[in-house]
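This structure is in structure tokens; I'll ask about it shortly.
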Amino acid sequence: MSHETQVILDRVVLVKVEANIYGARKKLKKEDLVLADGSKLPPEDLASLGSKRLLDPDQLTVFNRLKKEAERICLRVGTRFLGGFAVPVESAASITAELERIALDFAAAKTEFIAGYDAAVTDWVVRHPEFAGIIEQAVDSVEFVSTRLSFDFLVVSVGLPDRLPPADVARLDSKISSLSEQMFYEISVEANQLIEQSLLGKEQVTRNALRPIRRMRDKLDGLGFLDHRVAPVVSTIDDLLARIPNKGAIEGSILQEILATAMLLSDPDKTRRHGEGLLAAQPPVVDDDEVIEHAEPEPPATPTPVFAETVPDNHDFADLFDGIFDDEIEPESVSEDWALGVLLDKSQADAATNDSDEDIQPDDQSDLVAVTADGDDEDAVEHSDQDYWF
């Protein structure tokens, strides 16, 4: 097992959510159908019959909602892995607490459903009197239905036995290496939801539109160890959030930057290439702890421009994205080019004012804290079930 795989396994736990929901369906049989004279059904090797509902499906909505909520909780900080969710170790406790709450809600809903099961079946028969016979003959007992409704979860660490064939070790390495791809894909899904539902065609938006941006930022930050290209992307989002006004509607150029950032995040490949390009533009980091002992002192030499090849002489960072969105890959749409143009214009504007503003520091750091916290108008929807994932 590679060192990178071991590092990742040491930093995540696997959360398995097991939600069993009674389907309230039975296979539709030939004898359930009343055919007109001379008509016949196709043979089974050609077509199969569907299913029949035994009660109102709305009766089961609460269980499906709780299952989806459990998945959203895990996806908020983790990513899908091995039929469950790979979650950072430091987030395991909070995830467990929320899943415990869902388990209690599921149990309460089950008790209520079982108590009203017979009445629900009767109501369904009354609503479909001409098919009462085929419903009643397929109804399951309350005891059976109770066994088909359950919710549980499991939190485990993932590892390999000491001795395994190389092929099995390689298989796990492959699964682990795909975690970052899955993470970027999930981010792109939420970014597309944000664009379609809250940003496209809007001249201004409320501060609630920032919640998905912050959620994506926190997920990327928590799973940054999966891919080295995540950190600069998180910094880009932090810079954007820090410049958003504390109050009022969001509009104008800052709204265009939010849209451009969301469009970048909606494409996994461009997000990775953006992070890679930002890393390539950073100067190399010198470790101050690396000291050569017993070395003879040397006379000072004329400094050599170490960073000449990695940092341009001027402050124009327009070439910051060179090699990321080059001509080798044809732009997929005009809107993507526009989004990148907004980000490039932002980088150039920051560079132009860098010399005059670099020594100015804010007198009160509370301003920085305020802009990254949710606004007052978001509190009303803090615990809403509405989510951009589902």
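Cβ contacts < 7 Å: first residue farther than 16 Å from residue 207 by Cβ, restricted to segment 234-260; second residue of a type in the set (Asp, Glu) and modelled with pLDDT of 90 or more, any location; separation 6+ or different chain. Result?
If the second residue must be of a type in the set (Asp, Glu) and modelled with pLDDT of 90 or more, the pairs left are 234/221.
Still on this structure: Cβ-Cβ distance below 8 Å, separation of 6 or more or different chains: which pairs start in segment 1-18 with a residue that is modelled with pLDDT of 90 or more and end on one that is of a type in the set (Ser, Thr, Tyr) and part of a loop (DSSP other than H, G, I, E, B)?
Sorted first by the residue in segment 1-18, then by its partner, the pairs are 13/157; 14/157.
Those residues that are among the hydrophobic types (A, V, I, L, M, F, W, C) and more than 25 Å from the chain's Cα centre (by Cα), I need them from segment 140-196; list them, please.
The answer is 142, 144, 145, 149, 160, 164, 167, 169, 170.
Among what's in segment 234-262 and is part of a loop (DSSP other than H, G, I, E, B) and of a type in the set (A, V, I, L, M, F, W, C), pick the residue that is surrounded by the fewest Cβ atoms within 10 Å (Cβ to Cβ).
The extreme case among them is 249.
Scan segment 223-233 for residues that are part of a helix (DSSP H, G or I) and either without any contact (Cβ under 8 Å) to a residue 40 or more places away in the chain or surrounded by fewer than 21 Cβ atoms within 10 Å (Cβ to Cβ) (or both) and report the count.
So the count comes out to 4.
OK, next. So, of the residues in segment 263-291 that are assigned to a loop (DSSP other than H, G, I, E, B) and modelled with pLDDT of 85 or more, which turns out to be surrounded by the fewest Cβ atoms within 10 Å (Cβ to Cβ)?
Applying the filter and picking the extreme gives 267.
Return yes when residue 184 is surrounded by 17 or more Cβ atoms within 10 Å (Cβ to Cβ), closer than 30 Å to residue 258 by Cβ and either touching a residue at least 40 places away in the same chain (Cβ under 8 Å) or touching a strand residue (DSSP E or B) at 6+ places or on another chain (Cβ under 9 Å) (or both) and no when it is not.
yes
Among the residues of segment 166-179 satisfying the criterion of being open to solvent by 70 Å² or more (accessible area, probe 1.4 Å) and without any contact (Cβ under 8 Å) to a residue 40 or more places away in the chain, which is farthest from residue 225 (Cα to Cα)?
Filtering first and then ranking leaves 166.
Give segment 61-102 a look and list any residue that's over 21 Å from residue 10 (Cβ atoms) and open to solvent by less than 10 Å² (accessible area, probe 1.4 Å), or say none.
Answer for segment 61-102, where residues must be over 21 Å from residue 10 (Cβ atoms) and open to solvent by less than 10 Å² (accessible area, probe 1.4 Å): 63, 66, 70, 73, 75, 99, 102.
Yes or no: segment 137-152 includes at least one residue that is modelled with pLDDT of 95 or more, among the hydrophobic types (A, V, I, L, M, F, W, C), touching an Asp or Glu at 6+ places or on another chain (Cβ under 8 Å) and not in a helix (DSSP H, G or I).
Checking segment 137-152: at least one residue is modelled with pLDDT of 95 or more, among the hydrophobic types (A, V, I, L, M, F, W, C), touching an Asp or Glu at 6+ places or on another chain (Cβ under 8 Å) and not in a helix (DSSP H, G or I).
Scan segment 162-171 for residues that are assigned to a loop (DSSP other than H, G, I, E, B) and either out of contact with any helix residue (DSSP H, G or I) (no Cβ under 9 Å at 6 or more places or on another chain) or within 29 Å of residue 60 (Cβ to Cβ) (or both) and jot them down.
162, 163, 165
Return the total of residues in segment 115-141 being open to solvent by less than 40 Å² (accessible area, probe 1.4 Å) and of a type outside the set (D, E, K, R).
10
The values are calculated or read from the model by the stated rules, or taken from the named source; none is laboratory data. Owing to the predicted nature of the structure, the values given are computational and were not obtained by experimental measurement. Don't worry about glycine lacking a Cβ; one is built from the backbone with ideal geometry, like all the others, and counts go over all protein chains shown. With ligands, DNA and RNA removed, areas are computed over all heavy atoms of the protein, side chains included. Shrake-Rupley method; radii C 1.70, N 1.55, O 1.52, S 1.80 Å.
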